[in-house]
Structures are given as C-alpha cells and as structure tokens.
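Okay, so here's the structure we're looking at.
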Amino acid sequence: MQYLCNSDMKQYSHLFFDLDHTLWDFEENARLTLEHIFKQLNLSTIGVSDFTYFHERYSYHNDKLWERYRKGFIKVDELRWKRMWHTLLDFKIGDEKLARELSAAFLDHLPFRNRLFPYAVELLTYLTDKGYSLNLITNGFETVQHAKLKNSGIDHFFGKVITSEGSNSLKPNLEIFEYAFRVAGAMPSSSIMIGDHLEADILGAKNAGMDQVFVNHIRETPSFTPTYTVYGLEEMKEIF
C-alpha cells in the first residue's frame, strides 16, 4: 500500500465506492457474457470465427466509447450498440440490426454475472461492522447497476447508489460528487472515494475536495499521487 502522508490517519465517516473494475469484476463478467452470446447466436457461422479476438476487439471499442461517453461526446444508446457495431466491423460485418441485437442480449445477461474481486465481501462486511456509511458512485446505468449489486449479493451494504443516470452527470464531473454529498448527507472533508479509474474516480474526487483510494488492480503508473494506493482490496484494512 502507498499513501500520500504517513502522519495520523484521517477519520472518515462516508465511504464512496466505484462498482465496475473496483468491486465487481467487469472484465471477467463481460467476457463470460460475451462468450455466452457468441455461442447462443452462433456468431462463428457468420464470420466471427475467433472468440478471443472478438472479446479483445469488444474490450478495445468499449473502452474508447466509454471515454467519449464520459466526456459527453456521445449518448448512452450510442455507446451501447456502437461498441458491438465497431466490433463486428473488425470482422467485416456491417450489420446494424445484429449489433443492436448483440447489445440488447449483452445488457440482458451481464447483470446476472456475479464475479467480484477477491476480498470484496469480506471488506464490505469489515467496513460495515466498523460503522462506516457505505455508498456507491457509478457511471453505469441505473437498472443494470442495481441488478449487478443484487445478483452479486452486495446490495445490502450500500445506503445510497448514485448513478450517472440518476444524477444527470458523470464522473469525473463535479456535479455528480456534489449530488452524492447531498443525497448521502456527507461532507467532502470526511468522505473518501474508492475506485480504479484515475481520471473518473480519483481525479474527480480530488477536484471535489475528497481524499481517494486508488484501487490499482492492474498496477498502472499514475501521473499524480492519490491519497492512498492499494493493489488489492484486502490492503484497505490498513487504511480503515
């Protein structure tokens, strides 16, 4: 674990978690969902012969389009189906109807996946037992994120779930953090953001006046120093 200063640990009352890539293993859950759809729709019979490459291209386009969505360049619907459209184009398949069918199937099945990162449940139990107020700030979609929480068995840990749709804003924008403070009855000075994305979670929280825990699952090299950096969820017991 790394942290900004090694003096007395600050006291927090409200902990705000990100969901995807922080607690809920989006990459693995998405891979399992895509594999199911790949077989269900017999994509190998129409020219999508290599699932590994199909998954790789989906991940690439999903990341690119989420970046555009966070910056306000595209709308939700465009993100949802165009990540499939661009993936199919990499196989020289220009079929918008199929892209939209894939998108609908993906969003139908994904929330039922329940793969969490190691120690997620143990950490949330530990923090709840210590009396912290746990909440979520997520750029995910309202219905999908609530379904993920329920099907993963961790919905009961969180008092408030703030989504981009519910708040009409997106991380790293200041508005979504200010909305979260109002909804949760929290103050920035006694709150901390826990997430994996340097810009959306960590820089967004810093600009909102919050301390941050950078959950660096992939051991990325940050361009600035978060308040704390952990490489696995179990390390957070050293902070709280």
* Asked: Considering L127, L136, L149, which residue is farther than 30 Å from N42 by Cβ, at pLDDT 95 or above, assigned to a helix (DSSP H, G or I) and under 17 Å from the mean Cα position of the chain (by Cα)?
  -> L149
* Consider V161 carefully, then state whether it is assigned to a strand (DSSP E or B) and open to solvent by 30 Å² or more (accessible area, probe 1.4 Å). => yes
* Answer from F117, F158, F112 - the residue that is in contact (Cβ under 8 Å) with a residue 12 or more places away in the chain, in contact with a strand residue (DSSP E or B) (Cβ under 8 Å, 6 or more places away or on another chain) and closer than 23 Å to V76 by Cβ -> F158
* Structure fact -> Counting only residues in the stretch 58-76 that are of a type in the set (D, E, K, R) and part of a helix (DSSP H, G or I), the one nearest to N168 (Cα to Cα) is identified as R70
* Structure fact -> Within the stretch 109-141, residues open to solvent by less than 10 Å² (accessible area, probe 1.4 Å) and hydroxyl-bearing (S, T, Y) come out as T138
* To do: Any residue in the stretch 67-82 that's under 14 Å from S164 (Cβ atoms): show its pairings with residues that are among the small types (G, A, S) and part of a helix (DSSP H, G or I) at Cβ separation under 7 Å, as long as the two are six or more apart or on different chains.
  => R70/A200; R80/S103
* To do: Go through (1) of a type in the set (D, E, K, R); (2) under 20 Å from D20 (Cβ atoms); (3) free of Cβ contacts under 8 Å to residues at least 12 places away in the same chain one by one and return the number of the condition R182 breaks.
  => (2)
* Given the conditions (1) within 24 Å of E122 (Cα to Cα); (2) of a type in the set (A, V, I, L, M, F, W, C); (3) open to solvent by less than 10 Å² (accessible area, probe 1.4 Å), report the number of the one that A200 does not fulfil. => (1)
* **Considering residues of the stretch 34-45 that are open to solvent by 80 Å² or more (accessible area, probe 1.4 Å), outside any loop (DSSP other than H, G, I, E, B) and not basic (K, R) only, the residue farthest from G94 (Cα to Cα)** => Q40
* To do: Kindly indicate the residue of the stretch 142-157 that is touching a Leu at 6+ places or on another chain (Cβ under 8 Å) and open to solvent by less than 50 Å² (accessible area, probe 1.4 Å) and also farthest from I194 (Cα to Cα) among those meeting that condition.
  => V144
* Asked: T52 is checked against (1) loosely packed, with under 13 Cβ neighbours inside 10 Å; (2) polar (S, T, N, Q); (3) closer than 27 Å to V213 by Cα and fails just one. What number does that condition carry?
  -> (3)
* To do: Would you confirm whether any residue within the stretch 207-221 is within 21 Å of E67 (Cα to Cα), in a helix (DSSP H, G or I) and of a type in the set (A, V, I, L, M, F, W, C)?
  => no
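The values are calculated or read from the model by the stated rules, or taken from the named source; none is laboratory data. Since the model is a prediction, treat every value here as computed from it, not as a measurement. No Cβ is skipped: glycine too gets one built from the backbone with ideal geometry, and neighbour counts run over all protein chains shown. In case anyone asks, the SASA skips ligands and DNA or RNA and just uses the protein heavy atoms, side chains included. Shrake-Rupley method; radii C 1.70, N 1.55, O 1.52, S 1.80 Å.
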